[in-house]
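Here is the structure we will look at.
The values are calculated or read from the model by the stated rules, or taken from the named source; none is laboratory data. Treat the numbers as computed from the prediction; the structure is a model and nothing was measured. Please note: Cβ atoms are built from the backbone with ideal geometry, for glycine as well, and neighbour counts cover all protein chains shown. Remember, those area values only see protein heavy atoms, side chains included, never the ligands or the DNA or RNA. Shrake-Rupley method; radii C 1.70, N 1.55, O 1.52, S 1.80 Å.
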Amino acid sequence: MDIKNYQPASDLLKDRVILVTGSGDGIGRAAAINFALHGATVVLHGRNINKLEVIYDEIEGLGAPQPAILPLQLSSASAIDYELLVNTLEKQFGRLDGILHNAGILGERVALADYPVDVWDDVLNVNLRAPFVLTQALLPLLRRSDSASVIFTSSGVGQEARPLWGAYCVSKFGTEALSQIFAAEHAGEDNIRFNCINPGGTRTAMRAKAYPDEDPKTRPTPEEIMPTYLYLMGKDSHGISGQSFDAQ
Ligand code: NDP
């Protein structure tokens, strides 16, 4: 099947509860809206509550199921913050059918010799530590789903290292490993799958920061890469685990 042109049923995600991290902007925003439009109750996560409220209103205005809002700063989240998040989801929904680990930061485009260690820590915390801790903490809720999908977000530099991509590149290599390890360790549970998506160069604020001289119009919009996200989040990908998909 050509997943990039996947055409989902309109009710693909009906009654599913799906957490999208970094849903206030860019690819996460498009994924949250698309998941909701296909029937999901989306838990909007981000660090900026004002941005989340805008998406919340947008989803309600589209007549999609009412979302929930869960703010959390991933660069400094503590064990107690994660515990609170799990308790909130447990109380409100009792289970979780999917996570899109999308939140990410670029860090600096400088050589490792000059890479600021505090930025390194931030990038690794947001891009790699948070998806690990969140997935670990939410496993009990995911196990209650009949078909849970965990999607990690990788990158072209998550498969082939490139100079000047520093902590970002390392975090995305780590993300690919994280996804493969979770998949292998849960291979016996056919109701949970773990996969990676590499969005490819997409028209967002992060892409503009990484390539300031590029004409943004030469890159697809987040909306255009949604078929792969919908395919992996919905039941048509049941049984597929431990794989990495290019959305373009
Ligand atoms: P954006 O910068 O547009 O959006 C990133 C989102 O993550 C924002 O909503 C942002 O919140 C949130 N976020 C960042 N840091 C934190 C934090 N500390 N705590 C909570 N939320 C946070 O990026 P993209 O949409 O372009 O990227 C989405 C994912 O896709 C990332 O993982 C990125 O690495 C990956 N990717 C993107 C590519 C591209 O070309 N765009 C290519 C390859 C991979 P806020 O709105 O507050 O800033």
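Annotations
- For the range 131-205, a crude dipole built from +1 on the beta carbon of Lys and Arg and -1 on the beta carbon of Asp and Glu, taken about the Cα centre, is about 280 debye to the nearest 20.
- What the Cβ-Cβ distance of Ala205 and Asp57 gives, at R0 = 22 Å and to the nearest 0.05, is a FRET efficiency of 0.60.
- The range 53-186 - charge dipole about Cα centre, Lys and Arg +1 at Cβ, Asp and Glu -1, debye rounded to 20: 360 debye
- Of Lys14/Lys217; Lys4/Lys91; Lys172/Lys235; Lys51/Lys217; Lys91/Lys209; Lys91/Lys172, those spanning more than 30 Å from alpha-carbon to alpha-carbon: Lys14/Lys217; Lys4/Lys91; Lys91/Lys209; Lys91/Lys172
- Directionally averaged projected area (the range 41-114, Cα convex hull): 6.9 nm².
- With the biggest extent put first, the Cα atoms of the range 50-166 measure 48, 32, 27 Å across the principal axes.
- Per residue accessible area of the range 1-146, 1.4 Å probe, in Å²: 47 Å²
- Reducing the range 131-193 and the range 65-79 to their Cα centroids gives an inter-centroid distance of 18 Å.
- Once both labels are positioned 7 Å from their Cα atoms along Cα-to-Cβ, the gap between Gln248 and Asp118 label points is 3.3 nm.
- Counting heavy atoms of the protein chains alone, Ile181 has an accessible area of about 90 Å² for a 1.4 Å probe.
- Per residue of the chain, the DSSP helices (runs of n ≥ 4 H) give a summed -39500 (n - 2.57) that works out to -12000 deg cm²/dmol at 222 nm.
- Measuring how big the range 1-96 is from its alpha-carbon positions, Rg and Dmax come out at 13.9, 43 Å.
- In the range 110-248, inverting the average of 1/r over every pair of distinct C-alpha atoms gives 16.1 Å as the Kirkwood radius.
- The share of Cα pairs per 10 Å bin across the range 164-233, counted from zero up to the longest distance, runs 17, 36, 33, 12, 2 percent.
- Short to long, the 5 Å bins of the Cα pair-distance histogram for the chain hold 1, 7, 14, 19, 21, 18, 12, 6, 2, 0, 0 percent of all pairs.
- Amide H contacts of Gly98 (H built 1.01 Å from N, under 5 Å, at least 5 apart or other chain): Val17, Leu19, Ser149
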